[in-house]
Amino acid sequence: MSDGPRVSTRRVYTGRVINLDIDTVRFPNGTLGELEMIRHPGASAVVPFLSDPASDDPQLLLIRQYRYAAEQYLYEVPAGRLDAGESPEQCARRELREETGCEAERVEHLLTMFTTPGFTDEKIHLFMATGLTRGADAREADEFIELETVALSRALALIQQGEIVDGKTALAILYAAGFRAGQ
């Protein structure tokens, strides 16, 4: 967000993952109001293709990760916060390696999205990775992850059936399927 509509800001919480500010803003009609804004450094997520994305039904590597907020394991693509000074592509490569143990020959930017612009400035940069080689993962202590190889057709069916409910994952897979795979 540019400082244009922001009149003032007050930090009310600083945490490990997020910060909370109360912003006084000038709305488009000229009135002033206060908004609670979660500040986030941004993140990257990556759709790992185990086989050629142009093949008939390419294989993806998804993770099933326990998410406390959802109180269940969710299908996701590897993702995580940008470290200070880290580019979105560097973050995507690091998260792929940490969560799956894979290194990618090629990482291609798909799009950048706001997660929930009603209350956070968090952006996630979505990528797809190809030419994977497997190695050892380096998960964080609070990451409970299982790897699952899934055909693209099955991943799309899981989205349609409401079994992939993570927004970044659904959008990244749909985007990769619609605009990159098979081209």
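Brief remarks on what is shown
- Estimated FRET transfer efficiency when R0 is 30 angstrom, pair L174-T133 (beta carbons, to 0.05): 0.70
- Protein-only accessible surface at a 1.4 angstrom probe places the residues R39, R97, R134 in the order R134, R97, R39, largest first.
- Each residue of region 144-158 was assigned a 3J(HN,Hα) from its phi angle through the Karplus expression (A = 6.51, B = -1.76, C = 1.60, θ = phi - 60°), giving 10, 10, 10, 8, 9, 7, 9, 5, 3, 4, 5, 4, 5, 5, 5 Hz with x at Gly and Pro.
- The tail of the calculated P(r) for region 29-183 beyond 25 Å holds 28 percent of all Cα-Cα pairs.
- Accessible area, probe 1.4 Å, largest first, for residues E108, E76, E163: E163, E108, E76
- With DNA, RNA and ligands ignored, accessible area of T31 (1.4 Å probe; Å², nearest 10): 70 Å²
- Mean accessible surface per residue for the chain, computed with a 1.4 Å probe while every protein chain stays in place, in Å²: 54 Å²
- Rounded to the nearest Hz, the phi-derived 3J(HN,Hα) couplings of region 100-116 under the Karplus curve 6.51 cos²θ - 1.76 cosθ + 1.60 (θ = phi - 60°) are 10, x, 9, 10, 10, 5, 9, 10, 10, 5, 9, 6, 10, 10, 7, 6, 8, where x marks glycine and proline.
- DSSP beta bridge pairing in the chain, given as percent antiparallel to the nearest 5: 85 percent
- Residue ranking by accessible heavy-atom surface, 1.4 Å probe, largest first, among K168, K123 comes out as K123, K168.
- For region 1-146: relative contact order, % (alpha-carbon pairs under 8 angstrom, 6 or more apart): 23 percent
- Comparing P48, P78, P28 in a Gaussian network model of the chain where C-alpha atoms under 10 Å apart are linked, the largest mean-square fluctuation is found at P28.
- Converting phi to 3J(HN,Hα) with the Karplus coefficients 6.51, -1.76 and 1.60 and the offset θ = phi - 60°, region 78-87 yields x, 7, x, 5, 6, 7, 4, x, 8, 6 Hz in sequence order, with x at every glycine or proline.
- Put simply, the amide H of T120, placed in the peptide plane, has neighbours under 5 Å in I38, leaving out anything fewer than 5 places away on its chain.
- The relative contact order of region 38-93 comes to 38 percent, based on Cα pairs under 8 Å that sit 6 or more residues apart.
- Residues whose amide H comes within less than 5 Å of that of I164, counting only those at least five positions distant or on another chain, are I159 (H built at 1.01 Å from N in the peptide plane).
- Taking amide H atoms as placed 1.01 Å from N in the peptide plane, the amide H of F127 lies under 5 Å from those of A45, V46, V47, L110, each 5 or more residues away in sequence or on another chain.
- Global geometry of region 91-183, whether rounded, prolate or oblate, following the gyration tensor of its Cα atoms and the 1.5 cut on a/c: rounded
- Computed about the Cα centre, the dipole magnitude for region 93-183 is approximately 460 debye when only Lys and Arg (+1) and Asp and Glu (-1) carry charge, each at its Cβ.
- Residues T9 and E103, FRET efficiency given R0 of 45 Å [Cβ-Cβ distance, rounded to 0.05]: 0.65
- Simple spin-label estimate for R16 and E163 gives 3.2 nm between the two label positions (7 Å along the Cα-to-Cβ direction from each Cα).
The values are calculated or read from the model by the stated rules, or taken from the named source; none is laboratory data. Computed from a predicted structure; not experimentally measured. Every residue, glycine as well, gets a Cβ built from its backbone with ideal geometry; the counts of neighbours run over all protein chains shown. When the accessible area is computed, the model is the full protein with side chains, heavy atoms only, and any ligands, DNA or RNA have been set aside. Shrake-Rupley method; radii C 1.70, N 1.55, O 1.52, S 1.80 Å.
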